[in-house]
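Engineer: First, the structure itself, so that you have it in front of you.
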Amino acid sequence: QLGTCAMVCRFWAQWCRPHIFHSITLRSFHDLQQLVHLMDTTSTVVPSIRQCLVKLTVVQQGACDTPYLHLIPRHWDHLVNLEMLAVYTVSPSSSNPGSTTNYAPHSMSVGLPRTLPSEIYPLSSLNLSDLHFRSIGDVLKLIKNLYELVNLQCTKLKFDQGDLSLPSGGRRIRGQLLSVSITDCGPTECELCLMISIVASSFTGTNILV
């Protein structure tokens, strides 16, 4: 309905566009291409999409045939009002291709010909849901170099039985974690080990919600 109102006249469009393009969700590389094309072809319209976009949510559910998360920073500087590069959600089917154990990936570079520096992934919030890890240390390995990570949500994570030992040192989380939510990640012992590991590996004081 806001889209219809925005077509009435330019005055109405100026009021509607900030609400229409305040939050955008990307679910594929095709979605990113469409967003970039739309931003480029409407750059003279006031206010532009780049000025309106505040929350960008990247959702990955299932295998990612064409990795694209690393391409978003190319357009990052042009998003002048963007406050948060939202939530990246992965599911078991997006694990390492060909794996019979269906483990979660160890890095955001899975599917690329080489591992890219983690700092190019400007994620401030990360949602890990329904994933199977070998150990708690593999969770830290996935998130440790996300330099802008502030909020972490772990939901229904699974770990190999008998491998709930606390990770050894060396896996410091580089992000400025302020909030961690741990929900339905196995028995209390498992959630406690995960919580302690994240807190012990974080540089900042962290508000843990279990």
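The values are calculated or read from the model by the stated rules, or taken from the named source; none is laboratory data. Just so we're clear, the structure is a prediction, and the values are computed from it rather than from any experiment. Glycine gets a Cβ as well: all are built from the backbone with ideal geometry, and neighbour counts include every protein chain shown. Heavy atoms of the whole protein, side chains included, go into the accessibility calculation; ligands, DNA and RNA do not. Shrake-Rupley method; radii C 1.70, N 1.55, O 1.52, S 1.80 Å.
Engineer: Kindly indicate which of D31, D77, D65 is closer than 30 Å to T115 by Cα, acidic (D, E), under 25 Å from the mean Cα position of the chain (by Cα) and at pLDDT 85 or above.
Structural biologist: Among D31, D77, D65, only D31 is closer than 30 Å to T115 by Cα, acidic (D, E), under 25 Å from the mean Cα position of the chain (by Cα) and at pLDDT 85 or above.
Engineer: Would you confirm, using the coordinates I've provided, whether V150 is at pLDDT 70 or above, surrounded by 16 or more Cβ atoms within 10 Å (Cβ to Cβ), under 19 Å from L178 (Cβ atoms) and touching a Gly at 6+ places or on another chain (Cβ under 7 Å)? Spell out the reasoning first.
Structural biologist: Numbers: at pLDDT 70 or above: yes; surrounded by 16 or more Cβ atoms within 10 Å (Cβ to Cβ): yes; under 19 Å from L178 (Cβ atoms): yes; touching a Gly at 6+ places or on another chain (Cβ under 7 Å): yes.
Yes: the conditions hold for V150.
Engineer: Let me ask something else about it. Return a yes/no flag: does region 131-139 have any residue that is aliphatic (A, V, I, L, M) and open to solvent by 10 Å² or more (accessible area, probe 1.4 Å).
Structural biologist: Scanning region 131-139, I find no residue that is aliphatic (A, V, I, L, M) and open to solvent by 10 Å² or more (accessible area, probe 1.4 Å), so the answer is no.
Engineer: Hey, any hits in region 4-16 for a residue that's touching a Lys or Arg at 6+ places or on another chain (Cβ under 9 Å) and within 27 Å of P122 (Cβ to Cβ)? Break it down into steps so the answer makes sense when it comes.
Structural biologist: Taking region 4-16 and keeping what is touching a Lys or Arg at 6+ places or on another chain (Cβ under 9 Å), we get 6.
In the following step, the residues that additionally are within 27 Å of P122 (Cβ to Cβ) were identified as none.
Within region 4-16, none of the residues are touching a Lys or Arg at 6+ places or on another chain (Cβ under 9 Å) and within 27 Å of P122 (Cβ to Cβ).
Engineer: What pairs come out if I take residues in region 115-137 that are over 30 Å from P187 (Cβ atoms) and of a type in the set (F, W, Y) and pair them with residues that are modelled with pLDDT under 85 and open to solvent by less than 10 Å² (accessible area, probe 1.4 Å) whose C-beta lies under 7 Å away, six or more apart or interchain?
Structural biologist: Correct list of pairs: Y121/L146.
Engineer: Which ones in region 7-45 are open to solvent by 100 Å² or more (accessible area, probe 1.4 Å) and part of a loop (DSSP other than H, G, I, E, B)?
Structural biologist: Of everything in region 7-45, those that are open to solvent by 100 Å² or more (accessible area, probe 1.4 Å) and part of a loop (DSSP other than H, G, I, E, B) turn out to be M7, R27, T44.
Engineer: Kindly indicate which of Q51, Q60 is polar (S, T, N, Q) and in contact with a helix residue (DSSP H, G or I) (Cβ under 7 Å, 6 or more places away or on another chain).
Structural biologist: Q60
Engineer: Look at L123 and say whether it is modelled with pLDDT of 70 or more and either surrounded by fewer than 18 Cβ atoms within 10 Å (Cβ to Cβ) or in a helix (DSSP H, G or I) (or both). If you could, list the steps in order and put the result at the bottom.
Structural biologist: Details: modelled with pLDDT of 70 or more: yes; either surrounded by fewer than 18 Cβ atoms within 10 Å (Cβ to Cβ) or in a helix (DSSP H, G or I) (or both): no.
Answer is no for this residue.
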